[in-house]
Amino acid sequence: MWLYKGKVIEEIKDLPKKAFGFVYQTTHTPTGLKYIGKKSLIYNQKKKLTKKELAEYTGAGRKPKTRKTQKESDWKTYYGSHSKIKGLLKEGKENDFEREILQVAYNKKELTYLECKWQFKCEVLELDGFLNYNILGKFFDRDFV
């Protein structure tokens with residue numbers, strides 16, 4: 001269950017129109033440890049064209065071999081990418097987590113920016129209580145020891 005501004009979010013339509021993704025905070029309630037990350041709602045997928053689609057192609061030049069399609073991501077069942085979170089989920093401890101959407105983004109670049117903004121704002125590398133150990137793969141918690 002995702003919470004956004006105090007409301008339960010179960011479907012994409014429950015979020016603002018044209019939302020691309022969101023910045024979230026996952027909290028492990030028994031320990032209070034938190035993780036801040038980002039999640040896209042939809043991703044692009046390349047699909048091979050079928051023989052029928054290739055036969056129907058009338059465009060000029062070389063025939064394309066693939067087409068792009070969009071598919072909903074696994075955002076409903078997503079808790080975070082940290083290995084500790086994944087390990088606890090494998091043990092079946094989904095109920096030990098609270099998931100909150102901090103902010104909605106409307107494109108890919110904004111999503112990355114907002115994730116960094118929230119991670120810096122919450123001082124995830126400097127304060128105890130966060131599982132994050134890097135920001136953008138450039139700033140690491142070990143640099144602040």
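The values are calculated or read from the model by the stated rules, or taken from the named source; none is laboratory data. Model, not experiment: these values are computed from the prediction. With ideal geometry, Cβ positions are generated from the backbone for all residues, glycine too; neighbour counts draw on all protein chains shown. For accessibility, only protein heavy atoms count, side chains too; no ligands or nucleic acids. Shrake-Rupley method; radii C 1.70, N 1.55, O 1.52, S 1.80 Å.
Beta carbons closer than 7 Å, at least 6 apart along the sequence or on distinct chains, pair a first residue in region 6-18 that is without any contact (Cβ under 8 Å) to a residue 24 or more places away in the chain and closer than 17 Å to K39 by Cβ with a second that is part of a loop (DSSP other than H, G, I, E, B) and open to solvent by 60 Å² or more (accessible area, probe 1.4 Å) for V8/M1. Of all the criteria given as (1) under 25 Å from N132 (Cα atoms); (2) without any contact (Cβ under 8 Å) to a residue 60 or more places away in the chain; (3) among the aromatic types (F, W, Y), the one not satisfied by Y57 is (1).
Restricting the first member to region 88-108 and to residues that are under 19 Å from K13 (Cα atoms), and the second to residues that are open to solvent by 80 Å² or more (accessible area, probe 1.4 Å) and in a helix (DSSP H, G or I), the beta-carbon pairs closer than 9 Å and six or more apart or on different chains are Q103/K117; A105/Y113. Those strands (runs of 3 or more DSSP E) of region 1-98 in which 2 or more residues are open to solvent by 70 Å² or more (accessible area, probe 1.4 Å) and in contact with a Ser or Thr (Cβ under 6 Å, 6 or more places away or on another chain) occupy 42-48.
Based on this model, can you work out whether T112 counts as assigned to a strand (DSSP E or B) and not aromatic (F, W, Y)? When the stated conditions are applied, T112 does not pass them.
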